[in-house]
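Encoded as structure tokens, the structure appears first; notes follow it.
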Amino acid sequence: MSLQKHIFQEAPPKKPLTAYFLFLGDERQQIMKNNPGSRISEITQIAARMWSELDQKKKEEYQKRTEELQKEYEVKKKEYEVKFGEIKKKSKKKKHQNNDDDQEYEKKITKKVRK
């Protein structure tokens, strides 16, 4: 792939949200409104409790939305892969691979701090 093509390459499509996160997106503002001054962790706990108490019919509606979004994602993913090639997974680096990596990291940090 040429450098110019690489620079202007669009971002790969993102995976769709799960049913729970769709629910959370719909309900978060109302929860925050009903619980002013609550911390994010408390709001998340309230939402999780609401999700667990939600009737199965409502959960299935969110699941259907997730399935529709998954189908859209698969189409966009195929289009992207035809245009740009396979989507590469981000590799997770170990925090401390070896002492040399730590020293290089510290050099970079000190250079940034000095500037």
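The values are calculated or read from the model by the stated rules, or taken from the named source; none is laboratory data. What you see is a predicted model, and the numbers here were worked out from it, not measured in a lab. Neighbour counts are summed over all protein chains in view; Cβ atoms, including those assigned to glycine, are modelled from backbone coordinates with ideal geometry.
Checking each residue in region 51-72 for being loosely packed, with under 13 Cβ neighbours inside 10 Å and not in a helix (DSSP H, G or I) picks out only D55. Could you please let me know if K107 is modelled with pLDDT under 95 and closer than 30 Å to Q9 by Cβ? Judged against the criteria, K107 is not a match. Scanning region 33-50 for residues that are in a helix (DSSP H, G or I) and of a type in the set (S, T, Y), we see that the one that is nearest to L17 (Cα to Cα) is T44.
Within region 78-96, residues that are within 18 Å of K15 (Cα to Cα) and modelled with pLDDT of 80 or more have Cβ atoms under 8 Å from residues that are assigned to a helix (DSSP H, G or I) and among the charged types (D, E, K, R) in these pairs: I87/K77; I87/E81, counting only partners at least 6 apart in sequence or on another chain.
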